[in-house]
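The structure appears right after this line, and notes come after that.
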Amino acid sequence: MIGNKTLTIIKPMAVKKGFIGPILTKINEAGFRISAMKYLQLTVEEAKAFYDEHRLKPFYDDLVAFMSSGPIVVAIIEKENAVEEYRHLIGPTDPAKAPEGSIRRLYGTNLQQNGVHGSDSDISAERECNFFFSALERY
Ligand code: ATP
Ligand code: MG
């Protein structure tokens, strides 16, 4: 249902640092329902496709290399007004600028390795959920 779901990715550095559990706990405590989840490593080509909107940005090649560098956790999480609620919970892109207690402040390392991804609109959420999950993988 558009408006009630968003896609999150626990990025490679946060997985490496052992933050899967703490991040999922924050998501649970904020009242999101997990309706789909998987643990996987993106190929370079898959990371390029996922971040295609950024292909002309100076940070694109490094971002693709980073996002394909190790396993990630991908999940569809649901709550009323999910996109906005989740972006509030994670904080702004740069962990150094994120408020105390936000996921990126707690579990991000730097601007690129900022802990998690969150969809930026309902249209992006729809596209991103379909990128990772078939109808049969959603509950
Ligand atoms: P995300 O899409 O991952 O939720 P966002 O919407 O806050 O993050 P975007 O502008 O979509 O930020 O950038 C996508 C990702 O690219 C960021 O999360 C970060 O990992 C990386 N990134 C963005 N800006 C920079 C930058 N100036 N230098 C390095 N990496 C960056
Ligand atoms: Mg974004």
Determine whether Ser102 is among the polar types (S, T, N, Q), free of Cβ contacts under 8 Å to residues at least 40 places away in the same chain and crowded, with 17+ Cβ neighbours inside 10 Å. yes
Restricting to region 63-107, what's the tally of residues that are more than 14 Å from ligand 2 (Cβ to nearest atom), of a type outside the set (S, T, N, Q) and in a loop (DSSP other than H, G, I, E, B)? 8
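Quick grid of which residues meet (1) within 10 Å of ligand 1 (Cβ to nearest atom); (2) touching an Asp or Glu at 6+ places or on another chain (Cβ under 9 Å); (3) at negative phi:
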| site | (1), (2), (3) |
| --- | --- |
| Thr93 | yes, no, yes |
| Lys97 | no, no, yes |
| Arg104 | yes, yes, yes |
| Gly108 | yes, yes, yes |
| Leu111 | yes, yes, yes |
| Gly115 | yes, no, no |
| Arg127 | no, no, yes |
| Asn130 | no, no, yes |
| Leu136 | no, no, yes |
Qualifying positions in region 4-36 - closer than 21 Å to Phe133 by Cα, buried (at least 18 other Cβ atoms within 10 Å of the Cβ) and of a type in the set (A, V, I, L, M, F, W, C): Leu7, Ile9, Ile10, Val15, Ile23, Leu24, Ile27, Phe32, Ala36
Which condition number does Leu24 fail, the rest of (1) in a helix (DSSP H, G or I); (2) within 15 Å of ligand 1 (Cβ to nearest atom) being met? (2)
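No lab work stands behind these numbers, since they all come straight from the coordinates. Note that this is a predicted model, so its numbers are computed, not measured. Every residue, glycine as well, gets a Cβ built from its backbone with ideal geometry; the counts of neighbours run over all protein chains shown.
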